[in-house]
Each structure stands twice: as structure tokens, then as C-alpha cells.
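Every read-out reported here was derived from the displayed coordinates using simple, explicitly stated rules and does not represent laboratory data. Keep in mind the model is a prediction, meaning the values are calculated, not measured. Because the Cβ atoms are built from the backbone with ideal geometry, glycine has one as well, and the counts that use them run over all protein chains shown.
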Amino acid sequence: MLRRQAPLVVAGSVAGAVLLLATPASAFAKVVPYLLALAALALLLQPQATKWLASRPAGRPGLLLPAGLIAVSAYDGYWGAGAGIMTLTVLMIAAAQPLVQANALKNMLLGIADVACCVVFVLCWPVDWRAVIPMAVGCLTGGAIGPSVTRHVPGHALRIIAALAGLALAVRLWIPA
């Protein structure tokens, strides 16, 4: 599944990075809290949505997963905040992945997407290299700790915690600094 979805997240992430470099940040920043809240609510409603999709006569819609991954990776390449919750939601709803597998796939796909948009930024925009090291340390630390947490926390509880964190981030982004 990773090999099939990786080109989609690369394309989406590169498109998001190009969009960031080509448009004023204020335009997309206004939409981000709403997208994040929508993803968090979708994660809360994931069991019902998965059940509903599985019960439809036509089965699972074939374009939901690729379209969702392209959209979320474009968002990740542009903004990134909450992209993990959004990707987790897409994987759990569209691919009916159990939480632990969806989380592992999410980590790999977002890692690929992040490398793709970073290449665009490095090639097309001045980079503050002093910020790279702390960000890399945080990314690697989270990547090392995250899988063990998901294996030890019940999936239902982790899904609710992730959704509530997404809603909290959306509220934080709505409130001006």
C-alpha cells in the first residue's frame, strides 16, 4: 500500500509547497482551522463513517483514498499543522485500516510528503537552517515514541484523544495570537 500511495502524496505535497510559495499565506491560513476541525470531527465519527461506506451497495468508493491522500498531502505541503490527524482520518475511513496500521502508514506517508515539500522549499526559497535541527529532533523523537504509544493505548481512546487534540488546535488557530 505504501508503494501505491507514495507517488500521490509526493504529487500533493509538491503542489502544496508550490501553492505556498505562489500565494499569500493569509488566504489559506483563514481556511486551516476549519479544515482541521473537519478532520478532527471526521476522526471522531470514523467508526460510523466506515460502517456506512461498507454498507453501500457499490462498496468502497475507489477514488476516496487517492483523492483524500492527495488533498491532505497538498495541505501538508502548504501548512502542515494537523496533517497527521487528517491523514489518519483518511486512512481509517477510506482504507478501513485499524488504528495501529493506519498510524504506521500515516507516519511513512507524511515522512515522504514532508521530504518532497522540503526539497521544493530548499530549491526555491531561502531556508533558516538554524530552525532545521530542532525541528528534525522533534520529528525524530515523535517518530520514535509514537509507535510504542499506539501499541499500548487502546485504539478507541487514542482516536478520541487525537480528535480532541485536533479540535483544540483548530480552536487555537481560530483565536488570534
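Taking the chain as a Gaussian network, where each spring joins two C-alpha atoms under 10 Å apart, which residue of Leu63, Leu110, Leu91 fluctuates the most?
In this elastic network of the chain, the residue with the biggest mean-square fluctuation among Leu63, Leu110, Leu91 is Leu63.
Before rounding to the nearest 500, sum -39500 (n - 2.57) across all DSSP H runs of length at least 4 in the chain and divide by the residue total; then give [θ] at 222 nm in deg cm²/dmol.
Estimated from H runs of four or more residues: -27000 deg cm²/dmol.
Going by amide H atoms built from the backbone, whose H comes under 5 Å of the H on Val153, apart from near neighbours?
Residues meeting the amide H criterion: none.
Would you mind telling me which residue in Arg130, Arg151, Arg159 has the biggest mean-square fluctuation in a Gaussian network model of the chain, where springs connect alpha carbons within a distance under 10 angstrom?
Arg130
Between Pro134, Pro66, Pro98, which gets the highest mean-square fluctuation from a Gaussian network model of the chain, Cα cutoff 10 Å?
Answer for the Gaussian network model of the chain: Pro134.
Work out the FRET efficiency for Ala165 and Val119 from their Cβ-Cβ distance, taking R0 = 30 Å, and round it to the nearest 0.05.
0.55
Calculate, for Ile133 and Ala49, the FRET efficiency according to 1/(1 + (r/R0)^6) with r their C-beta to C-beta distance and R0 30 Å; round to the nearest 0.05.
The formula returns an efficiency of 0.15 here.
Helix by helix through the chain, keep the DSSP H runs that span 27 Å or more along the axis on Cα and average at least 1.0 on Kyte-Doolittle, and give those back in order.
Span-like helices in the chain: 2-22, 99-124, 155-174.
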